[in-house]
Structure formats: structure tokens, C-alpha cells
1. Just give me a number: lysine pairs in the range 1-159, eight or more positions apart or cross-chain, with C-alpha atoms less than 20 Å apart.
2. Would you mind counting up the charge near residue 97? Only other residues with Cβ under 15 Å from its Cβ, with Lys and Arg at +1 and Asp and Glu at -1.
3. Computing the accessible area with a 1.4 Å probe over protein heavy atoms, can you report the carbon and sulfur percentage for the range 1-148?
4. Starting from the Cα gyration tensor of the range 16-164, take the square roots of the eigenvalues, sort them a ≥ b ≥ c, and report rounded, prolate or oblate (rounded when a/c is under 1.5, otherwise prolate if a/b is larger than b/c, else oblate).
5. How do 108-121, 39-52 rank on mean C-beta neighbours within 10 Å, highest first?
Amino acid sequence: QYMQWAYATVDKEQTAAKWMQRFAGFACIFIWWYGFGYMQDKFIYNPVHPYVFWLAVAGWLLIRNSSKYLCELHSTLLEFFGRITLETYVLQFHVFMCKNVQHIPVVIPGATSDGPLVLKTANMLLCGCVFVALAVWARKVTVTTQETIVDLWQSVCQSAGYGSAAGGGYQKQLSSNVEVHNLVKQSPSPSHADTEQV
């Protein structure tokens with residue numbers, strides 16, 4: 001009801017309500033950052049994170065949903081990283097982090113914690129590029145493996161002549177998952193439809 005009232009039509013938009021929504025969003029983000037966001041020690045922040053993280057999320061949603069323009073924006077970069085989220089999460093513990101998940105590998109000589117900022121930055125960028133490239137490759141391997149297993153299952157079912165409800169139902173479910181995945185891959189990005197790119 002609030003959205004219908006505040007954003008009913010262009011002529012009847014409640015400008016004051018929209019700005020109050022934006023102010024509330026910035027206030028939520030400020031409260032989160034001032035109270036907890038500056039903490040750099042994860043062992044201090046982690047215990048309180050489940051209770052305060054919603055402030056930053058709610059603030060972002062309030063700000064983004066206060067403008068039709070912001071709602072229509074689409075970040076291609078964030079979409080790219082969103083597609084490899086699972087792979088980056090898994091690989092970070094095996095590739096990108098070491099020493100009890102507190103440091104990244106030192107590839108460039110002299111880029112240690114007490115080294116020059118230029119070398120440390122170059123080392124971080126190099127490790128990051130390799131890490132992202134591995135995540136993209138792992139994503140392709142994951143999709144290929146899934147499709148291969150589905151094709152193999154279908155071949156086994158057809159060769160064995162399974163017509164039971166269980167075998168056929170599972171086969172249809174797997175086929176449906178692959179079809180949905182293929183549709184997602186073939187569908188144009190939202191930025192090519194009615195949205196704008198950032």
C-alpha cells in the first residue's frame with residue numbers, strides 16, 4: 001500500500017515520502033558503519049554481525065527502491081561476479097588465502113606485509129586476477145559436469161528401458177533443470193532489455 005501511495009503515478013508521486021525513505025536508508029547505513037562497520041578485527045565483529053547486518057541491507061534497499069531510475073540500473077560487473085559466487089567462495093580457502101585464512105600468497109618478491117605499498121598492491125591484483133580466472137574456469141567445469149551427468153543418466157535410462165514413475169520422474173526433473181539452465185544462458189541480460197548499465 002505504501003508503494004502504491006508513494007509511487008502511484010508521475011503526477012501523484014509523494015516527493016516528501018521518497019526523500020524520507022532515502023534519508024531513512026542513509027541513516028541505517030550510517031548507524032551500521034558508525035557502530036560496527038569500522039571494526040577490522042573479524043573476531044570482534046563476527047559475533048554481532050547476525051544482529052546488525054540488516055541495517056546496511058535495509059538501508060541499501062530503501063535508497064534503491066526510492067527511485068525508478070535506481071531500480072532500473074543494472075551492474076554488469078556485479079552480475080559477472082554473481083555467476084561465480086559459489087566458485088569464489090570455495091576456491092578462496094584453497095587458492096587465494098593462506099596462513100589460517102589471514103594472508104594471500106606472496107608471488108612478487110618483496111610484497112610481504114612490511115614491503116612497499118606498490119609491490120603489495122601489484123601482488124594483490126595479480127593473485128586476484130588468477131583467482132577470478134580459476135573461478136570462471138571452475139564454473140564452466142561445474143556446468144559441463146552437470147550436463148554430462150544428466151546426459152549419462154538419460155542414456156542409462158533409455159538403454160535399460162526404464163519406464164517406471166521413479167526413473168522417468170527423476171529423468172524429467174534433471175532434464176528440466178538443464179533446460180532452465182540453457183534458457184538462462186541464452187536469455188539476454190537485463191541491461192539489454194529495459195535497463196541501463198552502470
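The values are calculated or read from the model by the stated rules, or taken from the named source; none is laboratory data. A quick note: this is a predicted structure, and the numbers were derived from the prediction, not measured. FYI the Cβ positions are ideal-geometry reconstructions off the backbone, even for glycines, and counts take in every protein chain you see. The accessibility values were calculated without ligands, DNA or RNA, using every heavy atom of the protein model including side chains. Shrake-Rupley method; radii C 1.70, N 1.55, O 1.52, S 1.80 Å.
1. 4
2. Charge balance near residue 97 sits at +1.
3. Here carbon and sulfur together make up 71 percent of the probe-accessible area.
4. Verdict is oblate for the range 16-164.
5. Working: 108-121: 12.6, 39-52: 10.1.
Order by mean packing, descending: 108-121, 39-52.
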